[in-house]
Amino acid sequence: MTVGGESLPGGARDSEPMKPQLKSLNPEDMSELTSGLTPVVVAHVLNLTTRHRFELINLTQRVEELVGKTGIRAGVALLQSLHSTAALFVNEWQEALLDDFRTLLEQAVRADAPWRHNDPRYSDCDRSNAVSHLRALLLGSSAMLAVRRGQLVRGTWQSIILAELDGPRTRSVSLQILGS
Amino acid sequence: MTVGGESLPGGARDSEPMKPQLKSLNPEDMSELTSGLTPVVVAHVLNLTTRHRFELINLTQRVEELVGKTGIRAGVALLQSLHSTAALFVNEWQEALLDDFRTLLEQAVRADAPWRHNDPRYSDCDRSNAVSHLRALLLGSSAMLAVRRGQLVRGTWQSIILAELDGPRTRSVSLQILGS
Amino acid sequence: MTVGGESLPGGARDSEPMKPQLKSLNPEDMSELTSGLTPVVVAHVLNLTTRHRFELINLTQRVEELVGKTGIRAGVALLQSLHSTAALFVNEWQEALLDDFRTLLEQAVRADAPWRHNDPRYSDCDRSNAVSHLRALLLGSSAMLAVRRGQLVRGTWQSIILAELDGPRTRSVSLQILGS
């Protein structure tokens, strides 16, 4: 049983890196995954409203549903945060670990340091959100995942996570899928 | 009025995450953005000369112009720094914040630490640029952005920034665009 | 002569950012690299077995061989670690610098801190690998490289590096190539 995080198939923690259907790909083969159709580009914008100054949100299910709706069997999916104070990353969604992500960011980028972005003598931004930009810098603003057999490629213990670093507010994440 | 940084349309800082034309995409629809044409790949190399040991350069306008020239309406654009001591990232281009990016990197990777890459007993590199490699490690070496309606997808407060970490010198950034 | 790291053509360290054939691209032209063929998607999974708790592995040659086998002349290659405790990044493969990567990660994420992911009161994970997840967070889980003229685009001093952060164990890296 998993405390806090998602319950996922796959047995013992960390022992099953890939979901079953992907394991049927013979790793020594390179598989050409074409449908004979001209590739298309499908675009979508995920909108969400965050509720706290710092918040982690699991986007995996929403993204997987959207990928499924496209009908694209093979390609790539690009997710982009459209904000400089909300980041995207891929890692494990487990409650205790989410706490640790937060702690690490707070240690790596100190809120009590004299950041110039927060200083009205140098900056016109009045949100005092320098640490939000800096933590986003460390985390990254995009995530790219392959699509195979109509599904996102990810390990059993991987989720797509949006980090709200300066909420609460509305946020937009672009999803662009290329493939056929 | 913006101190230092670019003046951008969109009114109040941070209140307009997306440029107007992208907001017209109904977020509940997934839009297939195909032109009926077979997708192409367009390649370009941006060359630039940096002027300081540490320097941040805004590549956004150059990249947007290049994307426009391709005529590609929908796809993805991949930017890669071809160097291990120059990084690429997406965040806000504001003078005070650029100072903070620099400060964070200096705090996270200390120049006065006994890095082995700088030690002639272990390394043949005589540039004493261990911190350049390590800061690049934290920032990342590539950026991927969607292309829609012929334009790069990015939020109002997002710019594509090259971080020169071991200049001054010439730098090359690969731009590869797939789409139609 | 390079101590420890790969011996690469290109003369003086850091003076040749790009391998010769890529320099023949006139940087002021945008080159359309199409073959007239409908783009395809080729998928592969690299499997490897790591030998230590912390280990850096150079994947460059394997990936380049696989790209070559696809016959794809132009496109993009997406590499994804399918694990939350093994990361992917692009930087220089030099023995002294690999030691410095490790040192930086140990300084940035302290093994002796009271991470909740390691605390049985809050977490069902018994691997005590909080630092592995957190270091992977800083490094990133994917790498995207362009393909041109049938070859991966990378600078002379860039290698694709897998960081095993919680080994030893088997690891899977997805490679997805789009192009024609």
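The values are calculated or read from the model by the stated rules, or taken from the named source; none is laboratory data. Because the structure is predicted, anything quoted here is derived from the model rather than measured. Cβ: placed from backbone, ideal geometry, glycine included. Neighbour counts: every protein chain shown. All accessible areas refer to the heavy atoms of the entire protein, side chains included, with ligands and DNA or RNA removed. Shrake-Rupley method; radii C 1.70, N 1.55, O 1.52, S 1.80 Å.
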Checklist entry - Does residue C:83 satisfy the condition of being closer than 30 Å to residue A:77 by Cβ, in contact with a Cys (Cβ under 9 Å, 6 or more places away or on another chain) and not hydroxyl-bearing (Ser, Thr, Tyr)? => result no
Checklist entry - Which of the residues that make up segment C:56-89 are more than 15 Å from residue A:146 (Cβ to Cβ) and open to solvent by 20 Å² or more (accessible area, probe 1.4 Å)? => result C:56, C:57, C:58, C:61, C:62, C:64, C:65, C:68, C:69, C:71, C:73
Checklist outcome for this item: Taking segment B:126-163 and keeping only residues that are more than 20 Å from residue A:138 (Cβ to Cβ), open to solvent by 10 Å² or more (accessible area, probe 1.4 Å) and away from chain A (no Cβ under 13 Å), one is left with B:126, B:127, B:128
Checklist entry - Out of curiosity, is residue B:76 touching a Gly at 6+ places or on another chain (Cβ under 7 Å) and of a type in the set (A, V, I, L, M, F, W, C)? => result yes
Item to check | Among the candidates A:27, A:9, A:20, residue that is open to solvent by 10 Å² or more (accessible area, probe 1.4 Å), in contact with a strand residue (DSSP E or B) (Cβ under 6 Å, 6 or more places away or on another chain) and modelled with pLDDT under 95 | outcome: A:27
Item to check | For residue A:103: the one exception among (1) touching a residue at least 24 places away in the same chain (Cβ under 8 Å); (2) over 21 Å from residue B:89 (Cβ atoms); (3) hydroxyl-bearing (Ser, Thr, Tyr) | outcome: (1)
Checklist entry - Taking segment B:43-55 as the region of interest, how many residues are surrounded by fewer than 16 Cβ atoms within 10 Å (Cβ to Cβ) and not in a strand (DSSP E or B)? => result 3
Checklist entry - Within segment B:90-114, which residues are open to solvent by 10 Å² or more (accessible area, probe 1.4 Å) and either under 19 Å from residue C:163 (Cβ atoms) or touching a Gly at 6+ places or on another chain (Cβ under 9 Å) (or both)? => result B:90, B:93, B:95, B:98, B:108
Next on the checklist: Restricting to segment C:73-125, name every residue that is closer than 25 Å to residue C:156 by Cβ, small (Gly, Ala, Ser) and assigned to a loop (DSSP other than H, G, I, E, B).
Outcome noted: C:74
Item to check | Selection count where residues are touching a Lys or Arg at 6+ places or on another chain (Cβ under 9 Å) and more than 8 Å from chain C (Cβ to nearest Cβ), scope segment B:99-117 | outcome: 6
